[in-house]
Amino acid sequence: MADTVVRIDSLVKRYKDLIALDHLSLEIKEGEVFGLLGPNGSGKTTTINCLLSLLAFDKGEIEIFGRKMTPTAYDIKREIGIIMQNVAVFEELNVYDNINYFCGLYITDKEQRKQYVEDAVRFVGLEDFRKFYPRKLSGGLLRRLNIACGIAHKPKLIILDEPTVAVDPQSRNRILEGIEELNRNGATIIYTSHYMEEVEQICTRIAIMDKGHKVAEGTKEELKKMIKNTETISIEVKEPSGEIMDQVGSQPHVYLTEYTDGKLKVYCSGGKHNLIRILGVLQEHDMHIGRVYSELPTLNDVFLEITGKALRDKED
Amino acid sequence: MFRHNLKYSLLAGLRVRQVIIWLLIFPIALGIMFKVAFGGIYEKQDLFTTFNAAVVMPNGENSTLRSVLDSIENGDDPMMKFTYTDAENAGKLLCDEKIEGIITDTGTELTLEVAGNGMNETILKAFCDRYNANVRIITEAAQNDPASVPAVTAALMQDIDTVNTEDLSVGNMNYYDEYFYNLLAMVALFGALTGLTVAVDNQANLSALGARKNCSPTPKSVSLSADLVSRFALQTVCMAVAVTFEHFVLKIDFGDRLGLVYLAAILGGFLGVSLGFAVGSIGTMDAKLKQSISTSVIMSFCFLSGLMKGDMKIIIEEHVPVINRINPAAVISDCFHALNVYSDTKVYFTKILTMVIMTVFFSILGFIFTRRRKYASL
């Protein structure tokens, strides 16, 4: 059984009348990549800020590495790496100096620090940009610098708060691969995001948050099992008659049918060969069938079913 | 840890654009502008240059008057030069502005005709009044007691002064130098902009950098102290550059105690930095708003100290003198003024002490408010 790295017990945080965190409890084990997933304003960043003792909270307890976290718990802070949502680097220092400065806040031995800084530069792929100032870096490279500043001291616990916001796909992939590598090297990761694909890709365990509550927690497989939907079949077809819709709806494991935007959508709960049976019904009625696809449930479906709303807006 | 923070704080601080613009380029540019604008006025400060007057004696030669006027004209740097002519030519010279006035000996007294009302006309009037008064005294003495005339004349020759003059100044009393003192005061107070960054860069609720620093195992007191010391050091360099440029390039006369001028400038800079640190630390407004507040506060202080309106400090002194005692810009410029005007350094060191007290007060205030450990919101 892995040791508990982070334990949050019944955390409450209020902003005047707004309850930002409502008795939130979490336990994160050593070696996990723990995802905090939720829409904007769900309380992810507030949780992180409380965890880091930046924010005062109204109630609850936070322990990291088995010790109570406080603003002056420097021995705990020494083992934590933080990558903020906003890029936090000095505009006036070049890439190398920035990493060296932040690493120096944790590592006092110069020789060791030099090695760590080089490792960090290589890790984020900024070898060719050592002397560049942040304003000369692209958004993706800047994010990589931000990450290097947070992990250069080789922390045991790394907290990444939406590190891929406004990042191009190439840099995003590189960042996600980097996070997986950090985890393989032994670091426990806490990763917050409203991008469900990222969370699904890298997180070993996930907590879904909404309005300051933890609405679900588990591995992605466990989370998907929590909901009724196991498969959504979409078929491009001319609008079927009521009789056909009834026949499709009466097939085994089908619990909902709908026709929108030229597509027949069939929601199934469990079972096998659902697609073959539904296509059979349509062929019986000589329906001309266009494109057909079958989708497995996503974390968005999980969120939708639990909270009744989409995880994020379409433009995200 | 302190040295590491100090090193990078200095490195970063040296490259902050606002330091270069407001603390190095701006004072040099404004100093040059002042020099250009006041250059002509400086030359006009040579108040007692020789001027011309015409003397008309329609009743014939007055040897007494002539000898008095000759004594005024003699010497290496005479105050007046006289042209002896008739009334018509004298009037023409006055119209042509070749002379400042016409002194006419009517036989009983001197009369004066002038075309303007400046310093030279006032001197001519004073001369005529004094001459007429002396002539009356001697005439009366001759009529009443002729034997007393030599004694009376001798007494009149003695210039009895009822005012005991003591020269307190070792420097120049140039009114326009006040503008340069105020410029230095403004540069010193612009240090508030860099002082503000000490607070912003160390508070998690004001910047991402502050949040990252707060997450590190470096105690806030260490980070704050290093940043503050680095800003003091940067401000010292900027003040030294400003004083050096004004004194050695623009040739502004700071008197003969340049070391004390540098000391006042540097301490003034410390006061500016600590003021910004305090403003940045108080309240939960965002960094940009705090920067606007700091700039407004600096400009208000500078306005009240007379940078924009030369006699503002005098007006304040007449109506609300306490403002001049607590306005950092006024305290700094008064310090330079005191150094330049008084041979005694008592006033200077009083102002220096005031600056030190204010710097300590603002710094402590900044530390108290910035060292809070948790924030209600970020």
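Nothing in this text is a laboratory measurement; each read-out follows from the coordinates by a stated rule. All of these numbers come straight from a predicted model, not from anything done at the bench. Ideal geometry is used to build each Cβ from the backbone, glycine not excepted, and the neighbour counts take in all protein chains shown.
Some observations on this one:
- Max mean-square fluctuation residue, GNM over chain B, Cα-Cα springs under 10 Å, options B:Val68, B:Val241, B:Val187: B:Val68
- Highest-first packing order for the peptide set B:89-96, A:201-208 is A:201-208, B:89-96, based on the mean count of other beta carbon atoms within 10 Å.
- Volume of the Cα convex hull of segment A:231-296, divided per residue and given in Å³: 73 Å³
- Most positive-pole-ward Cα, B:Val279, B:Asn324, B:Leu184, against dipole of chain B from beta carbon charges: B:Val279
- B:Met1-A:Asn185 FRET efficiency (beta carbon distance; Förster radius 22 Å; 0.05 resolution): 0.25
- Put a plus charge on the Cβ of each Lys and Arg, a minus charge on the Cβ of each Asp and Glu, and nothing anywhere else: the dipole of the protein assembly as shown about its Cα centre is then about 3660 debye.
- Mean residue ellipticity at 222 nm, helices only, chain B: -21000 deg cm²/dmol; runs of at least 4 DSSP H residues each add -39,500 (n - 2.57), and the sum is divided by the number of residues.
- Net length gained if the chain between B:Ile368 and B:Arg325 were fully extended (0.36 nm per residue, minus Cα distance): 13.0 nm
- Antiparallel bridge percentage (DSSP; both residues within the protein assembly as shown; nearest 5): 60 percent
- Among beta bridges identified by DSSP and lying wholly in chain B, the antiparallel ones come to about 40 percent.
- Using bins of 5 Å that start at zero, the share of Cα-Cα pairs per bin across segment B:51-157 amounts to 2, 12, 21, 22, 19, 12, 7, 4, 1, 0, in whole %.
- Nearest-0.05 FRET efficiency for B:Ala126 and A:Lys211, computed from C-beta distance (R0 56 Å): 0.05
- For segment A:231-296, the relative contact order is 48 percent, taking Cα pairs closer than 8 Å that sit 6 or more residues apart in sequence and dividing their mean separation by the residue count.
- Looking at segment B:51-157, the DSSP beta bridges with both ends there are about 40 percent antiparallel.
- The ratio of the alpha-carbon radius of gyration of the protein assembly as shown to the globular-protein estimate 2.2 N^0.38 Å is 1.59.
- Taking every residue in A:54-67 and counting other chain Cβ atoms within 10 Å of its Cβ, the average works out to 2.
- Cα-based shape type of segment A:99-200, given that a ≥ b ≥ c are square roots of the gyration tensor eigenvalues and the cut on a/c is 1.5: oblate
- Distance histogram for chain B (every C-alpha pair counted, 20 angstrom bins, percent rounded to whole numbers): 23, 36, 23, 14, 4, 0
- Residue-averaged beta-carbon neighbours from other chains (10 angstrom radius) around B:213-222: 6
- Per-residue ellipticity at 222 nm computed for chain A from its helices equals -9500 deg cm²/dmol, with DSSP H segments shorter than 4 residues left out and the rest contributing -39,500 (n - 2.57).
- Within 10 Å of the Cβ of each residue in A:83-94, the mean number of Cβ atoms contributed by other protein chains is 5.
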